[in-house]
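Report on the following structure.
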Amino acid sequence: AQEALLQSQKMEAVGQLVAGLSHDFNNVLGAVVGAFELIRRRMHEPDKVRHFSEAGLQAAERGSRLTAQLLAFSRSQDIQLQPILMRDVIEALADLLRRTLGPMIALELRFDPSPAPVMADPTQVEMMALNLAINARDAMPDGGRLTISTALRTIAGDPEMRDGDYVEIAFADTGTGMDEMTLRRAMEPFFTTKPVGKGTGLGLAQIYGSVRQAGGTVRIDSVLAQGTEVRVLLPCTDRAPMPIEQGEPEVAAAL
Ligand code: ADP
């Protein structure tokens, strides 16, 4: 019964989410169509064409983010935890991460020399990394650096988590940072400081939910005008890591 209740609450949340996203998505499509129309009319003015192409591209990107969020939300129902190395997932995703960050932001990867496998769903880890990279990018409009690192942590006596070994994967940016209120509320569903259509406020909430389900937790440190570090802890496993397919991950299709 408890499970059925959770399921129905989830369906209700999905309903609200779909209504909100459809509305946002319609606005996004309007912006894309508008940009194309303007380009067609101003075909012979290169400056205008460039400007409207940029606007159209940005709108299309917002649309991709919305569908990716929806995908992540629906996927969160059938997660498949398996032993994986964080390093494998991030390496397979590195090209896509670099493209997402753009030329103004450097991506630095620092992996633990003796990595331990964790129990996690590879698609969820991909979504998580992309979401955190997009957040970092949005916080660094003038460029900067995103450092993704992994480290082994031993947790003991933490009321939130079982004692044991965890892999910590940290996303540290040199961006705007968060004020106190934003930091406090960042993981709440639908909390966003981004303009309508750009932020859904679901990224961190989604990450927190799936990481807690996997027996881990998420911690955020942030200093205004200096940057933000999001640390995700996932429990280690004794099982041998399964290989991650190389090439464009499944999630890339949604972005
Ligand atoms: P969204 O990105 O759609 O707003 P999130 O749940 O991912 O939703 O983030 C919620 C809010 O947390 C963001 O709107 C932003 O204010 C803040 N935030 C998240 N990541 C960062 C970051 N790396 N630097 C600064 N602020 C951040």
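Residues checked against (1) outside any helix (DSSP H, G or I); (2) exposed (fewer than 13 other Cβ atoms within 10 Å of the Cβ); (3) within 14 Å of the ligand (Cβ to nearest atom); (4) modelled with pLDDT of 95 or more:
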site	(1), (2), (3), (4)
Leu109	yes, no, no, yes
Ser114	yes, yes, no, no
Asn131	no, no, yes, no
Ala136	no, no, yes, yes
Arg145	yes, no, yes, yes
Leu152	yes, no, no, yes
Thr182	no, no, yes, yes
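If you check Gly216 against the conditions, is it farther than 18 Å from Ala133 by Cα and either touching a residue at least 24 places away in the same chain (Cβ under 8 Å) or surrounded by 14 or more Cβ atoms within 10 Å (Cβ to Cβ) (or both)?
Yes, satisfied.
Would you tally the residues in the range 184-219 being near the ligand (Cβ under 8 Å from one of its atoms) and of a type in the set (A, V, I, L, M, F, W, C)?
Within the range 184-219, residues that are near the ligand (Cβ under 8 Å from one of its atoms) and of a type in the set (A, V, I, L, M, F, W, C) number 7.
Please go through the range 164-180 and give me each residue that is hydrophobic (A, V, I, L, M, F, W, C) and surrounded by fewer than 19 Cβ atoms within 10 Å (Cβ to Cβ), ordered by number.
The answer is Ala170, and nothing else.
Could you tell me whether Ala254 is of a type in the set (Gly, Ala, Ser) and at pLDDT 95 or above?
Working: of a type in the set (Gly, Ala, Ser): yes; at pLDDT 95 or above: no.
No: the conditions fail for Ala254.
For Pro103, are the conditions met, namely being surrounded by fewer than 16 Cβ atoms within 10 Å (Cβ to Cβ) and part of a loop (DSSP other than H, G, I, E, B)?
yes
Out of the range 154-180, which residues are more than 10 Å from the ligand (Cβ to nearest atom), aliphatic (A, V, I, L, M) and in a loop (DSSP other than H, G, I, E, B)?
Matches in the range 154-180: Ala156, Met161.
The values are calculated or read from the model by the stated rules, or taken from the named source; none is laboratory data. Given the structure is predicted, the values throughout are model-derived calculations rather than measurements. Cβ: placed from backbone, ideal geometry, glycine included. Neighbour counts: every protein chain shown.
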